[in-house]
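The values are calculated or read from the model by the stated rules, or taken from the named source; none is laboratory data. Remember, predicted model here, so these are calculated numbers, not experimental data. Cβ placement follows ideal geometry from the backbone for every residue including glycine, while neighbour counts extend to all protein chains displayed. Side chains included, ligands, DNA and RNA excluded: accessible areas come from the protein's heavy atoms. Shrake-Rupley method; radii C 1.70, N 1.55, O 1.52, S 1.80 Å.
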Amino acid sequence: MHRRDLLRAAAAFTPMVIAGRAFATPAAGSGKLLLVFLRGAYDAANIVAPIGSDFYHQARPTIGLAKPDPANPDAALPLDGDWGLHPALKDSIYPLWQTKQLAFVPFAGTDDMSRSHFETQDTIELGQPIVGTRDYRSGFMARLASALGSDQPIAFSDRVPLCFQGDTGLAIPNIALTGNLKPTIDPHEAKLIEAMYRAGAATDAGLSRSVTEGFATRETVFRSLADEMTQASRGAVTPKGFELSARRIGRLMRDQYDLAFVDVGGWDTHVNQGAAQGYLAGRIGELGRGLAGFVEEVGSDAWRDTTVVVVSEFGRTFRENGDKGTDHGHGSVYWVMGGGVRGGRLVGPQVRITADTLNQQRDLPVLTDYRGLIGGLVQKQFALGPNRLAAVFPGAQPIAFDLV
């Protein structure tokens, strides 16, 4: 999609012509679905945290959230007696919970146990059973668009994602969003610090060498982590980029599109992810503000018929690692938002989290299959019959959580 097409659409909200096909404004009151994919596996257990579990606080002595306390701004926000929300979402996402427009689904995910970013991302985007041969030219959102006969699908990504791949007879436009991962210390500043330690005859040569080597080591480590996170993110926009772009997404979905996908990267937090403050807190705060901006821009009328589903390929290890981060895990927590969502609750089967109830003694188990969850949502929202739903999620049983 060319930049000039995006500018025209964003400025005037006129019908957009892509590949010779006109995408007209949908009829008022029609349903809309936005799938937000957090690439890199966000640490769900520190965003929707099981603060009622003593094991949680034992397993995360430095990165865990404190139990709800009105006097402590860094404490988790109360959801119910067992769960709390990250305080970085206090002014963005928490109000949607309080007005019952948001529900969380803990212990959600896929039965893919590879713990590979790429394989599990593909599993989710395909929406096919993992046993047997899979068709990599058939993503579940493409099949959903075909089942709906939708003329308004769009991907907010630098390329048409796997979930929208398929012979649907529909033109799937894509709009790239921008965002960059940058070092915490500017290279120019690093050189100034090195020069300061080199200056003067009295400077300790060993200390000067240590400073120079320290910066070189830091740069090597940063590049290694940045490369891994970039690969896990697969070109997805950063949370900051999403925060800046989400309002535009809201305007476009309000007036033109009814089925959309956006991927947000930067969630592979192996090192120093932080607790109430720090790297993860900054990223989730940006995501929350972006989603709140989307809600404002899509407008109250369209929001009543809009469902936003936030997913990630897998969760992370329940115990923090030696680098005060978390590693690749299994079960996650999915979000379901919308003006018509019956929220203000955590839905789906749950278990009391202890060392014995963890999957393979390391991470959250999956008790709610993502295909059943999303299948149940789209079945109700778009009134899909059994045959059309089976074409979207073959072999999966829709789960009725009465969310929409």
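Odds and ends about this structure:
- Between residue 54 and residue 82, the modelled label-to-label distance comes to 1.7 nm, taking each label 7 Å out from Cα in the direction of the beta carbon.
- Computed FRET value (nearest 0.05) for residue 323 with residue 402, which takes r as the C-beta separation and R₀ as 35 Å: 0.25
- For residue 42, distant residues with modelled amide H under 5 Å away: 313, 314
- Of 67/240; 32/100; 100/240; 32/380; 32/90, those spanning more than 21 Å from alpha-carbon to alpha-carbon: 67/240; 100/240; 32/90
- Spin-label zone in region 160-177 - amide nitrogen under 16 Å from a point set 7 Å from the Cα of residue 134 along the C-beta vector: 161-166
- Mean separation of Cα contacts under 8 Å (6+ apart) over length of region 253-376, as relative contact order %: 23 percent
- Relative contact order (%) - region 71-169, alpha-carbon pairs under 8 angstrom, separation at least six: 18 percent
- Solvent-accessible area assigned to carbon and sulfur over region 76-169 amounts to 47 percent, based on a 1.4 Å probe.
- Test item: Cα-centred dipole of region 282-352, Lys/Arg +1 and Asp/Glu -1 on Cβ, debye: 400 debye
- The H on the amide N of residue 324, modeled in the peptide plane, is under 5 Å from the matching H of 272, each at least 5 residues off or on a different chain.
- Amide H contacts under 5 Å for residue 84, placed H, 5+ residues apart: 49, 51, 79
- Taking a sphere under 15 Å around the Cβ of residue 389 and counting the other residues whose Cβ falls inside, with K and R at +1 and D and E at -1, yields a net charge of +3.
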